[in-house]
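One structure below.
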Amino acid sequence: MKPMMPSLKEKKRYAAVCFYNPALTYEDMKEVIKDSFKEMFGTVGYAKARPLFLKSGDSCIIVRVNHQSLNDLRVAVLNIKKTGNTKLLAQIKFVSGSLRKLREKFLK
């Protein structure tokens, strides 16, 4: 079997999403983003984005998405208002094409 050409591989973007509520755990942040994304774009849109959640810091999480779905992720993050009875404020701090560059910018 021939290897896949580089131009046919999925292009990814990494986004650092920060929450201004220190009480949230990694699992809570992941569920809030996932629910918001599915609410805005449905299960098909979520599947096309192929998000992958990576643990980052105390109140931040790194999300990898398909490059065509980056704007969808931005809209989903802006749509996050609350979870349960807790009001939330979420913001995308940095976006990068490589995880290494994102961590270099993010940790400074």
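Any read-out appearing in this document is the output of simple, stated calculations on the displayed coordinates, not a laboratory observation. Owing to the predicted nature of the structure, the values given are computational and were not obtained by experimental measurement. Positions of Cβ are backbone-derived with ideal geometry, glycine not excepted, and every protein chain shown enters the neighbour counts.
Values for this structure:
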| quantity | calculated |
| --- | --- |
| Per-pair calculated FRET efficiency, R0 = 25 Å: Lys48 and Glu27 via Cβ, rounded to 0.05 | 0.60 |
| Extension gain, Glu39 back to Arg100 (0.36 nm per residue minus Cα-Cα distance, nm) | 18.9 nm |
| Using alpha-carbon coordinates, inclination of helix 26-49 to the longest axis of the chain, degrees | 50 degrees |
| Dipole magnitude of the chain about its Cα centre (Cβ charges: Lys, Arg +1; Asp, Glu -1), debye to nearest 20 | 520 debye |
| Restraint check, Lys48/Lys87; Lys30/Lys87; Lys30/Lys93; Lys12/Lys48; Lys55/Lys81, Cα-Cα greater than 20 Å | Lys48/Lys87; Lys55/Lys81 |
| Rough spin-label spacing in nm, given labels placed 7 Å along Cα→Cβ, for His67 and Ser7 | 1.3 nm |
| Cross-link reach list, aspartates and glutamates versus Lys11, counting only Cα pairs under 18 Å and skipping chain neighbours closer than eight places | Asp72 |
| Dipole axis of the chain (+1 Lys, Arg; -1 Asp, Glu on Cβ), positive-most option in Phe37, Met1, Ser98 | Met1 |
| Computed over region 11-107: relative contact order in percent, which uses C-alpha pairs under 8 Å that are six or more apart | 44 percent |
| Ordering of 43-49, 11-17, 65-71 by packing [mean C-beta count within 10 Å, highest first] | 11-17, 65-71, 43-49 |
| At most 16 other Cβ within 10 Å, DSSP loop - GluC sites (Glu not before Pro), region 1-42 | Glu10 |
| Estimated Rh, region 1-70: Kirkwood, alpha-carbon pairs, angstrom | 13.3 Å |
